[in-house]
1. Please go through region 1-97 and write out the trypsin sites (Lys or Arg not before Pro) that DSSP classes as loop and that have at most 10 other C-beta atoms within 10 Å.
2. No solvent, one uniform scatterer per C-alpha: report log10 I(q)/I(0) for region 3-110 via the Debye equation at q = 0.14, 0.20 1/Å, two decimals.
3. Could you pull out every residue, at least 5 positions away or on a different chain, whose amide H is within less than 5 Å of the one on Lys107? Hs are placed 1.01 Å off N in the peptide plane, and Pro or chain starts have none.
4. Give me the count of lysine pairs in region 3-110 whose alpha carbons sit under 18 angstrom apart, restricted to pairs 8 or more positions apart or on different chains.
5. Could you put Phe17, Phe78, Phe97 in order, starting from the residue whose Cβ has the fewest other Cβ atoms within 10 Å?
6. Would you mind calculating the gained length between Trp32 and Arg92 on full extension (0.36 nm times residue separation, minus the Cα-Cα distance), in nm to one decimal?
Amino acid sequence: MEKINILWTTDNKDTIFNMISMYAINSKKRGWWKEVNVILWGASVKLVGNDTQVQTEVLEMLQNGISVEACKDCCDNFNVSEVLLKMGVNVRYMRQFLTEYLKNNEKLITI
């Protein structure tokens, strides 16, 4: 399978602009991967939920055909579920899905 999953757990704002979105968007545009999936987990959901500049970057990824998922437990803990859902992020309990990605030997970058 030509899919890359990027597990984003940090609240470091520089990381979204200088690695995650840069790599994800270029991967999609240049055909490096057929599917690009970004997983928001932990502190990253708080950053996305509360920072409009970061929200704009996530929206650009979505507009470029990148799937974006977020851990529902984390979103609920940081009170950002509604914000992410309105953006088009797939907010769901990720434990099972991440486990399936790993068991299926999908590629995974963790940040």
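1. Numbers: sites: Lys3, Lys13, Lys28, Lys29, Arg30, Lys34, Lys46, Lys72, Lys86, Arg92, Arg95; in loops: Arg30, Lys34.
Passing sites in region 1-97 are Arg30.
2. Ignoring solvent entirely, the Cα scatterers give -0.48, -1.01.
3. Those qualifying (amide H under 5 Å, at least 5 residues apart or on another chain) are Lys3, Asn5.
4. Counting lysine pairs in region 3-110 gives 11.
5. Values: Phe17 13, Phe78 19, Phe97 16.
By the 10 Å Cβ count, ascending: Phe17, Phe97, Phe78.
6. Working: separation 60, 0.36 × 60 = 21.60 nm, distance 2.69 nm.
So the extension gain works out to 18.9 nm.
Every number here is computed from the coordinates shown, using simple stated rules; none is lab data. Quick caveat, the model's predicted, so the values are computed rather than measured. Using ideal geometry, Cβ is built from the backbone for each residue, glycine included, and neighbour counts are taken over all protein chains shown.
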